[in-house]
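Inspection log for the structure reproduced underneath, given as structure tokens.
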Amino acid sequence: MILKNISILYGNQLKYIESIDVKIKNGKFEKISNKISTKEKSIDCTNLLLIPGFVNSHTHIADSIGKDLSIDADVDSKIHPMFGLKQKLLKETPKKSLVKYIRNSAKSMIKKGITTFIDFREGGLDGVLLLKFALDNVPIRCVILGRIDYYNSKNEIKQNLPFPKENNEKLAQLLKNCDGIGISGTNENASSNLKSYAKTKKIRAIHAAETKDSVNTSKKVTGKSEVQRAMLLNPSFLIHMTFATNNDLKLAAKNTRGIVVCPRANSALSEGIPNISLMQKYGCNLTIGTDNVMINSPDIFREMDYLWKVTMGMSQNRFDPKEILKMATVNAGKMLNQKIGCIQENHLADCIFIDKHSLDLEPINNVYASIVHRASEKSIKSVMIGGEIVHGKL
Ligand SMILES: [Zn+2]
């Protein structure tokens, strides 16, 4: 397929090119240049702007059935991995209902231009298989980070209880069926667990410094910060870091491929706002996620809009909207270490076709600002994943 005369955001700097031709073959961008001549089917895209498909870098899609339940409860009562309402809900709801609402959320994300999401999946191997079943026939890409539901008490963490041998087999089975592990946090895991999980060659991710409470608990129980202890996992990336100290950010910048911030989820839980200016200052690679569907809607347009403005409002300083858009696209490709989230030769052809003349956008005087805080589901003409149109028409 050849897209003729299309505007694009090219490469890992999202460089705006007013008009160019794009050839897509075998699910990838094969050639991007002026005037590609061909006998192949070509489509005139004069009115369209092509941007990379969004990567929603952190979700818990399985709790889609729990939308806005116990909205006034504190964070632990809602989503604690051992005793939160969410766990009860996931255990007690018939699988059929969970599947229905997972599927709805996945379909909704595609319509909003999300072409990949990275999900933390609880419930061990069964949880992973349930998610895979729910996504069967939904063309979105999903990076599944599973976990074996094994947690330690504060005392067990203090004693550094050894990782039970029988868990190794469970972990191996789990990892055969998913893309890596997504650990709830250091406050439920003895160092021996984290070190065992660190051995996997697949993706290793963990929540860290999400709340003031979790930061204080870690200090009190172990004398170390959550982020210091998270390093035992040799993490590929960290989630939240809302209450990370300067030292924590230094560790993250040096030892991980990124931080996923979830500003709307943090705010919805009244648990602060991640300081992305500071994270950037320390050289962290930043991405963005919408977190629990129970708490927040899986919409990257809204997440970008919120993050951009809350960052400038809190810091009373300007923040470049292009950097926000990178968080939802190219930075995520870097974090996953995959050729994804970027319109460039040899990268996966996952992208969004934006109608340049849509009511909310025209005239586009600053393409980055327009996408970050004006575009929405309504500005999308179609969505492509792996070279196939999966939503809308061209
Ligand atoms: Zn999370």
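Here are a few things to note about the model shown:
- Residue pairs meeting the criteria (Cβ under 8 Å; at least 6 apart or on separate chains; first within 14 Å of R147 (Cβ to Cβ), in the stretch 58-82; second in a helix (DSSP H, G or I) and more than 16 Å from the ligand (Cβ to nearest atom)): A62/L98; A62/L130
- Wholly enclosed strands (runs of 3 or more DSSP E) of the stretch 330-394 bearing at least 3 residues hydrophobic (A, V, I, L, M, F, W, C) and over 16 Å from Y10 (Cβ atoms): 380-385
- Scanning the stretch 223-247 for residues that are closer than 23 Å to L307 by Cβ and either crowded, with 23+ Cβ neighbours inside 10 Å or within 13 Å of the ligand (Cβ to nearest atom) (or both) yields E226, V227, A230, P235, F237, L238, I239, H240, M241, T242, F243, A244.
- Residue that is surrounded by the fewest Cβ atoms within 10 Å (Cβ to Cβ), among those in the stretch 265-289 that are within 15 Å of T242 (Cβ to Cβ) and either among the charged types (D, E, K, R) or touching a His at 6+ places or on another chain (Cβ under 9 Å) (or both): E271
- Hits in the stretch 33-60 - residues which are of a type outside the set (G, A, S), away from the ligand (no atom under 16 Å from the Cβ) and closer than 30 Å to K132 by Cα: L50, I51, P52, F54
- For R141, the requirement of being within 14 Å of I181 (Cα to Cα) and of a type in the set (D, E, K, R) is not met.
- Breaking point among (1) part of a helix (DSSP H, G or I); (2) crowded, with 19+ Cβ neighbours inside 10 Å; (3) modelled with pLDDT of 95 or more, for K78: (3)
- Among all residues of the stretch 99-108, there is at least one that is within 20 Å of the chain's Cα centre (by Cα), in contact (Cβ under 8 Å) with a residue 60 or more places away in the chain and within 16 Å of the ligand (Cβ to nearest atom).
- For the residues L49, L3, the requirement of being assigned to a strand (DSSP E or B) and touching a Cys at 6+ places or on another chain (Cβ under 8 Å) singles out L3.
- Pairs where the first residue, in the stretch 240-267, is more than 18 Å from G185 (Cβ to Cβ) and modelled with pLDDT under 95 and the second is within 16 Å of the ligand (Cβ to nearest atom) and part of a loop (DSSP other than H, G, I, E, B), C-beta under 6 Å, 6+ apart: none
- Within the span defined as the stretch 140-150, one or more residues are closer than 30 Å to T329 by Cβ, outside any strand (DSSP E or B), away from the ligand (no atom under 16 Å from the Cβ) and at pLDDT 95 or above.
- Restricting the stretch 155-213 to residues that are away from the ligand (no atom under 16 Å from the Cβ), aliphatic (A, V, I, L, M) and outside any loop (DSSP other than H, G, I, E, B) leaves a set whose member that is nearest to L233 (Cα to Cα) is L194.
The values are calculated or read from the model by the stated rules, or taken from the named source; none is laboratory data. Source: prediction; values computed, not measured. So basically every Cβ, Gly included, is an ideal-geometry build from the backbone, and we count neighbours across all protein chains shown.
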